[in-house]
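Asker: Quick one: this structure, given as structure tokens, is what I'll be asking you about.
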Amino acid sequence: MTIDTHIAPQTANLLMDSILTEWDNAELNQYQVIRRQGQLTSFDANKIAIAITKAFLEVEGHSASSSNRIKTLVQQLTKQVLKGIERRLEETGKVHIEEIQDQVELALMREGEHKIAREYVLYRERHAALRAERKKTAVLHVKDLDNNLMPLNEDRLHRIVAEACENLDYVNPEKIVEESLKNLYDGISEKDVSHVLVMSARALVEKEPNYTYVASRLLLDNLRTEALTLLKFEPHTVTATEMKHYYAEYFKHYIHKGIALELLNPILAEFDLDKLGAALNAHCDLQFTYLGLQTLYDRYFLHSQDTRFELPQAFFMRVAMGLAINEIQREERAIEFYNLLSRFDFMSSTPTLFNSGTLRSQLSSCFVSTVPDDLDGIFGAIKDNAMMQKWAGGIGNDWTPVRGMGARIKGTNGKSQGVVPFLKVANDTLVSVNQGGKRKGSGCAYLETWHIDIEEFLELRKNTGDERRRTHDMNTANWIPDLFMQRVMENGHWSLFSPNETPDLHDLCGDTFKTAYESYEAIAEQGKLKIYKRVSAVELWRKMLTMLFETGHPWICFKDPCNVRSPQQHVGVVHSSNLCTEIVLNTSRYEIAVCNLGSINLAQHITNDRLDVAKLQRTVKTAMRMLDNVIDINYYAVPQARTANLRHRPIGLGIMGFQDALYQLRIPYSTDKAVAFADESMEYISYFAIEGSNELAVERGKYSTFAGSLWSQGILPIDSVNLLHETRGQYLEMSNSFTLDWETLREKVKRDGMRNSNCMAIAPTATISNIVGVTQSIEPTYQNLFVKSNLSGEFTVVNPYLVRDLKSLNLWDEVMVNDLKYFDGSVQNIDRVPNELKSLYATAFEVDPSWLIEAGSRRQKWIDQSQSLNLYLLEPSGRKLDLLYKLAWLRGLKTTYYLRSMGATHVEKNTVRSNKAAVIEDEENEIPKVCLIDDPDCEACQ
């Protein structure tokens, strides 16, 4: 790392001592540098400063006038070098000396010190030639599992990497090996050698997306060795090609080991394991991206003492077996389910993937409850939350029945402190239950807009004020009646009540709510209610949007469309949604609603540039069967959940990869064609899902509360739009067009019934979409190149569709990569990119959010539940939010999810050609911050 110098030692040392006294090296001492022969030495930032100083002195010499300039430059350049290697140090704790020198060279070039950089390059080349001669006799040693040293087997290294690169274009195995050898050191463990290979491939992803598959396959090589060694399976070191011959035999060992460790249900051993093992498709291992496989490795695969022994195809078969336990032809059904999962056509939700086939099969994603207005009921609900969160469930609580601040407590003749203190307790419970270490506890509190505590509720997520009245870890959502929105539109007043004095409002909607509400207003004006407040509807609406701006909460959800269009309105009321706002099911003191989720990968159902309807039908029918099976297999942490789920049998079939499907069809998101595709695809899914539930009813029987439901009356989701039209009138602008033969299906449903009270809900799919390598849910692409952070670490994500198109135009090069980095994954400001591609590859913040609402409205007409709909705003303002959320209500959406905005530095670069401020503050609604999509601490949709 040093430059030969003939400068007088006293002169050089005086200058370097002056520099080093100002450089803080203490924090970096924990890291190590890999020398060229593989030895490890302690990291010393001073050596970087020395090398750069000597380079300047070699070229420029030393004089009193130049000392200060050199000193300042060396300090700046050293900081740049440290910034360049920061990520490597944080990930591995080690950095190769060549990587440090690369960063020194790059820093010199960036500062325009070309003459110094040239001398530095020549010096490196001279010494590289000398080292190459010496290296011919050098041998690196590797520690095996018993800590014995053996020579590094470079031939196997080359073979593994070459195999990982097979059938992938634009990847170079020699480049990976060369980079890996730089980062190996004498005495490195076998496992760390594998890790270095993965990291070397992963570092190349930003330049070529196919390296994500190389990194995944190299990670899988490490996983195979780990799993086979723990199972004492011989041989324990096999390549991917060899594994094809061992998968079936390994599978039997895996099942028996899992049962012996009390991780798997002993019933799995009663399956025909030879038949199931023969059905495993090792080729499916090759379709994982690095992010997908690493996510499975870190969070899903079974392990013993932190050693994984579950390989991907065994994992999918284990999940399939767990879902087929009660099937008559269980091997055939298990294989059918396995094929759907392993080919990425459909993916069950995270709790199902975690727990299917295990001793505690809690497979449901969402639990929704109503909190009663008494101390026993409140703390009972909080306890129920903890029990459900323990097994990876997300919670939605309806807190509206709890009396407001100042209301009389009859038992003690005291006054209530309102709902907020109890929400604080619920929040702290979330923090303390971490779902077995797999993810944080998560929940959402809902409150209706007429509740007297609504204004304090809106402020729960603020970073200022009394901490005892803040809930920083819990999501919150407004449950808004149509009457409130009508008064906002008409600039009317709004009245706030305590639910102990107006108990029936909680269970009413539509015209009956309006009648009762206006009656209570009249009584309150006569002074006959003790707790009452009158406010401006517009001012309260403005405060809702202000808090949404500032904290990202509470989310905006609409009570009336959830109830008026509910198939189950004959047996109860929808009082809230769930953690992610896609579930709208009845709740009461005696029933906790449960929903079991899974998502169709829409990208896997595009064939020959069109939607493959026949394949989609097969996928939906099998997925409906899998989801229905969950209800009977499921472990229920609380009895109210079991009661509700077995009584109504709701499930939530959703989609993911909508943006990927648009890429394949060459349809930009911000177009009428995209809205039409959202309509078309969801109509087919709705038709096949309802048809599938109807067929299951013929085979297995109707759900117990079918009689009296909208289904029993032949009113399907598309028909219930008319019911909302009747109550909304001019305030509903929602399509009710259709293309399929719905009349025949209506008659079948009326005659034969439904197996499930609800069939469809579009969840966020934040994690399972990572597993299958597509954009989540119905979202537009976040960025075309970015680093994603989650519980498994940081991952470079590149849009492979964009790269493919740029390659076809000979535009994919180093300059394009750097441009994408600079513009945060946006192509809009890159002149070389054609306008057609700029339109097709517009990112989430470049798509006008009204398009998201229009597409959401078209989907909503087909869905009996709701959808997790995020809204993205690059330049948020109070006025824009006002128009956006009013549009969501007018278009008949039931719920909305996060409001997303960008960090300031991102916005500056995306508006680099404009002198305008990127974030526009509304004069009447000035907002300091927003919810950031790239906040790694946001666990709601993991």
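The values are calculated or read from the model by the stated rules, or taken from the named source; none is laboratory data. What you are looking at is a predicted structure, and each value in this text was computed from that prediction instead of being measured. So basically every Cβ, Gly included, is an ideal-geometry build from the backbone, and we count neighbours across all protein chains shown.
Asker: Out of (1) modelled with pLDDT under 95; (2) of a type outside the set (Asp, Glu); (3) over 21 Å from Ser681 (Cβ atoms), the odd one out for Gln776 is which?
Answerer: (3)
Asker: Exactly one of these conditions fails for Thr581: (1) part of a loop (DSSP other than H, G, I, E, B); (2) of a type outside the set (D, E, K, R); (3) touching a Gly at 6+ places or on another chain (Cβ under 8 Å); (4) under 30 Å from Met902 (Cβ atoms). Give me its number.
Answerer: The number of the failed condition is (3).
Asker: Right, next: What is the number of the single condition among (1) charged (D, E, K, R); (2) surrounded by fewer than 22 Cβ atoms within 10 Å (Cβ to Cβ); (3) closer than 19 Å to Gln313 by Cα that Glu179 does not meet?
Answerer: Condition not satisfied by Glu179: (3).
Asker: Output yes when any residue across the range 450-462 is assigned to a strand (DSSP E or B), within 22 Å of Arg534 (Cα to Cα), outside the structural domain of Leu724 (by TED's automatic domain parsing) and not polar (S, T, N, Q), and no when none is.
Answerer: As a first pass, look at the range 450-462 and keep what is assigned to a strand (DSSP E or B): 451.
Now restrict to residues that are within 22 Å of Arg534 (Cα to Cα): 451.
Imposing the further condition that a residue be outside the structural domain of Leu724 (by TED's automatic domain parsing) reduces the set to 451.
Pick out the ones that are also not polar (S, T, N, Q) and you get 451.
For the range 450-462, residues assigned to a strand (DSSP E or B), within 22 Å of Arg534 (Cα to Cα), outside the structural domain of Leu724 (by TED's automatic domain parsing) and not polar (S, T, N, Q): present.
Asker: Another question, if that's okay. Yes or no: Leu627 in a helix (DSSP H, G or I), touching a residue at least 24 places away in the same chain (Cβ under 8 Å) and out of contact with any Pro (no Cβ under 7 Å at 6 or more places or on another chain)? I'd like the intermediate steps shown before the answer.
Answerer: Values: in a helix (DSSP H, G or I): yes; touching a residue at least 24 places away in the same chain (Cβ under 8 Å): yes; out of contact with any Pro (no Cβ under 7 Å at 6 or more places or on another chain): yes.
Here the answer is yes, as Leu627 does meet what is asked.
Asker: Moving on. Arg565 is checked against (1) touching a residue at least 24 places away in the same chain (Cβ under 8 Å); (2) under 30 Å from Gly773 (Cα atoms) and fails just one. What number does that condition carry?
Answerer: (2)
Asker: Looking at this structure, is Val368 among the β-branched types (Val, Ile, Thr), under 25 Å from the mean Cα position of the chain (by Cα) and in a helix (DSSP H, G or I)? Can you show your working first?
Answerer: Numbers: among the β-branched types (Val, Ile, Thr): yes; under 25 Å from the mean Cα position of the chain (by Cα): yes; in a helix (DSSP H, G or I): no.
For Val368, the condition - among the β-branched types (Val, Ile, Thr), under 25 Å from the mean Cα position of the chain (by Cα) and in a helix (DSSP H, G or I) - is not met.
Asker: Turning to a different aspect of this structure: Of all residues in the range 606-642 being touching a strand residue (DSSP E or B) at 6+ places or on another chain (Cβ under 6 Å) and over 19 Å from Asn326 (Cα atoms), which is modelled with the highest pLDDT?
Answerer: Filtering the range 606-642 for residues that are touching a strand residue (DSSP E or B) at 6+ places or on another chain (Cβ under 6 Å) and over 19 Å from Asn326 (Cα atoms), the one modelled with the highest pLDDT comes out as Thr619.
Asker: Identify all residues within the range 230-248 that are surrounded by 13 or more Cβ atoms within 10 Å (Cβ to Cβ), in contact (Cβ under 8 Å) with a residue 24 or more places away in the chain and not small (Gly, Ala, Ser); write none if there are none.
Answerer: Residues of the range 230-248 surrounded by 13 or more Cβ atoms within 10 Å (Cβ to Cβ): 230-231, 233, 236-240, 242-244, 246-248.
Pick out the ones that are also in contact (Cβ under 8 Å) with a residue 24 or more places away in the chain and you get 230-231, 239-240, 243-244, 247-248.
Within the range 230-248, Leu230, Leu231, Thr239, Met243, Lys244, Tyr247 meet the criteria.
Per-residue answers, yes or no, for (1) among the acidic types (Asp, Glu); (2) touching a His at 6+ places or on another chain (Cβ under 7 Å); (3) modelled with pLDDT under 90:
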position: Asp186; (1), (2), (3): yes, yes, yes
position: His195; (1), (2), (3): no, no, yes
position: Ala203; (1), (2), (3): no, no, yes
position: Ala227; (1), (2), (3): no, no, no
position: Thr239; (1), (2), (3): no, no, yes
position: Lys244; (1), (2), (3): no, no, yes
position: Ala248; (1), (2), (3): no, no, no
position: His256; (1), (2), (3): no, no, no
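Asker: Okay, moving on. Of these, Lys909, Lys880, Lys886, which one is of a type in the set (Lys, Arg), modelled with pLDDT of 95 or more, at negative phi and not in a loop (DSSP other than H, G, I, E, B)?
Answerer: Details: Lys909 fails: modelled with pLDDT of 95 or more; Lys880 fails: modelled with pLDDT of 95 or more.
One residue alone meets the criteria, Lys886.
Asker: A follow-up question, please. Just checking, does the range 391-412 include any residue being modelled with pLDDT under 95, more than 32 Å from the chain's Cα centre (by Cα), under 23 Å from Tyr532 (Cα atoms) and not in a loop (DSSP other than H, G, I, E, B)?
Answerer: Checked against the condition, which is being modelled with pLDDT under 95, more than 32 Å from the chain's Cα centre (by Cα), under 23 Å from Tyr532 (Cα atoms) and not in a loop (DSSP other than H, G, I, E, B), the range 391-412 yields at least one hit.
Asker: Now a separate question. How many residues does the range 183-220 contain that are surrounded by fewer than 18 Cβ atoms within 10 Å (Cβ to Cβ) and either at positive phi or basic (Lys, Arg) (or both)?
Answerer: Qualifying residue count for the region: 3.
Asker: Further question: Between Leu540, Leu548, Leu529, which is modelled with pLDDT under 95, assigned to a helix (DSSP H, G or I) and out of contact with any Gly (no Cβ under 8 Å at 6 or more places or on another chain)? Quick ask: steps written out before the conclusion?
Answerer: Values: Leu540 fails: modelled with pLDDT under 95; Leu529 fails: assigned to a helix (DSSP H, G or I).
After ruling out the rest, the residue left standing is Leu548.
Asker: Among the candidates Leu261, Leu311, which residue alone is in contact (Cβ under 8 Å) with a residue 60 or more places away in the chain and among the aliphatic types (A, V, I, L, M)? Walk me through it before giving the result.
Answerer: Working: Leu261 fails: in contact (Cβ under 8 Å) with a residue 60 or more places away in the chain.
Just a single option satisfies the conditions, and that option is Leu311.
Asker: Which residues, counting only those in the range 400-417, are surrounded by 22 or more Cβ atoms within 10 Å (Cβ to Cβ) and of a type in the set (Lys, Arg)?
Answerer: Of everything in the range 400-417, just one residue is surrounded by 22 or more Cβ atoms within 10 Å (Cβ to Cβ) and of a type in the set (Lys, Arg), namely Arg403.
Asker: Moving on to the next point. Got a sec? Which of Arg88, Arg118 is farther than 26 Å from Gln32 by Cα and either out of contact with any strand residue (DSSP E or B) (no Cβ under 6 Å at 6 or more places or on another chain) or surrounded by 14 or more Cβ atoms within 10 Å (Cβ to Cβ) (or both)?
Answerer: Working: Arg88 fails: farther than 26 Å from Gln32 by Cα.
Of Arg88, Arg118, the one residue that is farther than 26 Å from Gln32 by Cα and either out of contact with any strand residue (DSSP E or B) (no Cβ under 6 Å at 6 or more places or on another chain) or surrounded by 14 or more Cβ atoms within 10 Å (Cβ to Cβ) (or both) is Arg118.
Asker: Next up: Check Thr765 against each of (1) touching a Cys at 6+ places or on another chain (Cβ under 9 Å); (2) polar (S, T, N, Q); (3) at pLDDT 95 or above and name the one condition it does not meet.
Answerer: Evaluating Thr765 over (1) touching a Cys at 6+ places or on another chain (Cβ under 9 Å); (2) polar (S, T, N, Q); (3) at pLDDT 95 or above leaves (3) as the failure.
Asker: Considering only the range 489-526, state which residues are under 40 Å from the mean Cα position of the chain (by Cα), of a type in the set (A, V, I, L, M, F, W, C), closer than 28 Å to Gly572 by Cα and not in a loop (DSSP other than H, G, I, E, B).
Answerer: Of everything in the range 489-526, those that are under 40 Å from the mean Cα position of the chain (by Cα), of a type in the set (A, V, I, L, M, F, W, C), closer than 28 Å to Gly572 by Cα and not in a loop (DSSP other than H, G, I, E, B) turn out to be Trp494, Leu496, Phe497, Leu505, Phe513.
Asker: In the range 801-819, which residues are surrounded by fewer than 18 Cβ atoms within 10 Å (Cβ to Cβ) and outside any loop (DSSP other than H, G, I, E, B)?
Answerer: Matches in the range 801-819: Arg804, Lys807, Ser808, Glu814, Val815, Val817, Asn818.
Asker: Right, another one. If you check Asp24, Asp4, Asp17, which single one turns out to be out of contact with any strand residue (DSSP E or B) (no Cβ under 7 Å at 6 or more places or on another chain), at pLDDT below 70, exposed (fewer than 15 other Cβ atoms within 10 Å of the Cβ) and under 17 Å from Arg124 (Cα atoms)? Before you say what the answer is, go through the steps one by one.
Answerer: On the way: Asp24 fails: under 17 Å from Arg124 (Cα atoms); Asp17 fails: under 17 Å from Arg124 (Cα atoms).
On inspection, the qualifying residue turns out to be Asp4.
Asker: Would a scan of the range 294-305 turn up a residue that is under 23 Å from Tyr211 (Cα atoms) and out of contact with any helix residue (DSSP H, G or I) (no Cβ under 9 Å at 6 or more places or on another chain)?
Answerer: So far as the range 294-305 goes, yes, one or more of its residues are under 23 Å from Tyr211 (Cα atoms) and out of contact with any helix residue (DSSP H, G or I) (no Cβ under 9 Å at 6 or more places or on another chain).
Asker: Let me ask something additional. Filter the range 601-614 down to residues that are more than 19 Å from Thr739 (Cα to Cα) and either in contact with a His (Cβ under 9 Å, 6 or more places away or on another chain) or loosely packed, with under 14 Cβ neighbours inside 10 Å (or both), then give me how many there are. First the steps, then the outcome.
Answerer: Within the range 601-614, the first condition is being more than 19 Å from Thr739 (Cα to Cα), and the residues that meet it are 601-609.
Narrowing the set further to residues that are either in contact with a His (Cβ under 9 Å, 6 or more places away or on another chain) or loosely packed, with under 14 Cβ neighbours inside 10 Å (or both) leaves 607-609.
Residues meeting the conditions: 3.
Asker: Consider the range 820-849. How many of its residues are outside any loop (DSSP other than H, G, I, E, B), out of contact with any Lys or Arg (no Cβ under 8 Å at 6 or more places or on another chain), in contact (Cβ under 8 Å) with a residue 24 or more places away in the chain and surrounded by fewer than 21 Cβ atoms within 10 Å (Cβ to Cβ)?
Answerer: 4
Asker: Residue check: is Ser868 of a type in the set (Gly, Ala, Ser) and touching a Pro at 6+ places or on another chain (Cβ under 9 Å)?
Answerer: Numbers: of a type in the set (Gly, Ala, Ser): yes; touching a Pro at 6+ places or on another chain (Cβ under 9 Å): yes.
Yes: the conditions hold for Ser868.
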